[in-house]
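For reference, the structure discussed in these notes is given below.
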Amino acid sequence: GRMSRAFALHVCGASTGLVTRRASPALPSAARRGAAFPSRPIAPRLRGASPSRVFAFGAARARRGSGTMASASADPPAFTFGLLADIQYVDVDDKPNFTGTQWRRYRNALVVAGDAVKYFNSRPELDFVLHNGDIIDHQCAFDFEADAFKPKHEAMSALGEVMSVLSEARCENWHFTVGNHELYNFTRDELRDGVSAPGATLPFRCADANGDFFYAFKPSTGWRVLVLDSYDVSIYRNGRERGLDAEALATLCANNANCDKYVAENPDILETERMSGTFPYFKDLEGLDCRWVPFNGGVGEAQLSWVKEQLEEAAAADERVVLFSHLLVHPESTAKRSGRTLLWNFQDLLDVLEHPGVSDRVAAVISGHQHDGGVYTSPSGTHYVVMESPIVAEKGYPGPYAVVEARGESLTFVGFGKGKDSNLFPGGAEGGENVSPLTREL
């Protein structure tokens, strides 16, 4: 338990171009080799409320890719849930990210969160609400100018501001996934046991009642939800001021020469945790190798085996499955196929999800992390959806947040994107409380 210093790495969001209005585990060997995403088909390998405009994009598997205007289904949904990701609040002025590629409105994220809660409260039938990682920003934990950790109470105070807003929700069944910013601010034990934020009645916890960070539940007959821990393998797996994970760091350095060089020059890195954002970790990386950076992570062997078992059980029970992961899982859903926000061992997980014996059971994989969002539908019909972040919300637009309605062959997203350039809800209009939500059926 030595006190440490910190690293300064933030996700660089970028637009993905795709597509309206209604009232310490080890990575599998393939990942350690840095296996590239193949161009061949994925091999089977199982080892180890108001009126609206509706755009139907691959609405059901039988009519995937129709791209036609359609009416929202009149059938009642099997279940509904509220969806947010990357609130990433910190009480600082608006400013660009470290690379200057994205303007971030940090305080406004709290306003968006409040609007989301009001919208969720207008839908009393919600079965649960999920926030898909990064609830407060790294700056709540670390003073980059002073190059030192801030007092822990500052992170607690920021979390309290967010959780006080979320505590206004009528739905009390909330789920929180682990993101990199959770691990910058809190220890793994705190995320497991729960953090009681000042002024909030809703607890902040990233594990289930059994203390598991990856777990399953059944929101209704015929459906199963899997919540993943995409930082199961991560240099920050232990969380704030608990030292870097040596095995994950070795894996990262084996796949990124920039990290390897930096660690060699800073031999006390395991104790100091000082993987500063000033060193060029993307230098000379190409294509999907860009995923090998400190702010990403992977899923371990045990979690992969568990996902496989869950999908096999779902197939046997004729259930459809929705998965949640902070990190992106499919390369085609990353911005310009850059891979910068991608799971380290994405291929190992895709080999499970896209296996012919179970792929028709997987309705969607929903992520955060990439602030500008994205949508990709695989040939098997699985939708890889990336939720947008409130810190990049455009002025005059109410989102991003959504309510998702699950039906037998479709998921209908009803809500608001980050603005007119939204990847999930493109073409939104400015306005106040009277603006109707948009609808996108997948």
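The values are calculated or read from the model by the stated rules, or taken from the named source; none is laboratory data. Because the structure is predicted, anything quoted here is derived from the model rather than measured. We place every Cβ from the backbone using ideal geometry, glycine too, and count neighbours over all the protein chains shown. Remember, those area values only see protein heavy atoms, side chains included, never the ligands or the DNA or RNA. Shrake-Rupley method; radii C 1.70, N 1.55, O 1.52, S 1.80 Å.
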Problem set entry | Å² of accessible area per residue within region 100-201, as computed with a 1.4 Å probe and no ligands counted | 38
Exercise. Using the heavy atoms of the protein chains alone and a 1.4 angstrom probe, what is the accessible area of region 339-442 per residue in square angstrom?
Worked result: 22
Exercise. HN-Hα J couplings of region 225-233 from phi, Karplus 6.51/-1.76/1.60, θ = phi - 60°, integer Hz, Gly and Pro as x?
Worked result: 10, 10, 9, 9, 10, 7, 10, 4, 10
Problem set entry | Length-normalised contact order of region 317-442 in % [C-alpha pairs under 8 Å, at least 6 apart] | 19
Exercise. Of the accessible area of region 267-311, with the probe set at 1.4 angstrom, what percent is carbon plus sulfur?
Worked result: 50
Exercise. Got a sec to turn the phi values of region 280-296 into Karplus ³J(HN,Hα) couplings, 6.51 cos²θ - 1.76 cosθ + 1.60 with θ = phi - 60°, whole Hz, x for Gly and Pro?
Worked result: x, 6, 8, 4, 6, 7, 10, x, 6, 5, 5, 6, 7, 10, x, 7, 9
Exercise. So what's region 246-291 giving for Cα Rg divided by 2.2 N^0.38 Å, two decimals?
Worked result: 1.11
Problem set entry | For region 246-291, accessible area per residue (1.4 Å probe, heavy atoms of protein chains only), Å² | 50
Seminar exercise, completed: Under the Karplus relation with 6.51, -1.76 and 1.60 and θ = phi - 60°, whole-Hz ³J(HN,Hα) for region 156-172, x at Gly and Pro, equal 5, 5, 5, 4, x, 4, 5, 5, 5, 5, 5, 5, 6, 5, 6, 6, 9
Seminar exercise, completed: Given backbone amide H placed at 1.01 Å from N, residues whose amide H is under 5 Å from that of Leu411, ignoring those fewer than 5 places away on the same chain, are Leu442
Exercise. Stretch Glu286-Ala257 to full length: gain in nm at 0.36 nm per residue minus the Cα-Cα span?
Worked result: 9.2 nm
Seminar exercise, completed: Amide H contacts under 5 Å for Arg104, restricted to residues at least 5 apart in sequence or on another chain and with H modeled in the peptide plane, are Lys95, Asn97
Problem set entry | Rounded if a/c under 1.5, otherwise prolate or oblate - region 283-418, Cα gyration tensor axes | oblate
For this session: Compute the signed sum of charges (Lys and Arg +1, Asp and Glu -1) over the other residues within less than 9 Å, Cβ to Cβ, of Ile136.
Result: -4
For this session: Summarise the accessible area of region 334-442 (1.4 Å probe, protein heavy atoms) by the percent that is carbon and sulfur.
Result: 47
For this session: Subtract the Cα-Cα distance of Asp212 and Glu271 from 0.36 nm times their separation in residues, and report this length gain in nm to one decimal.
Result: 18.6 nm
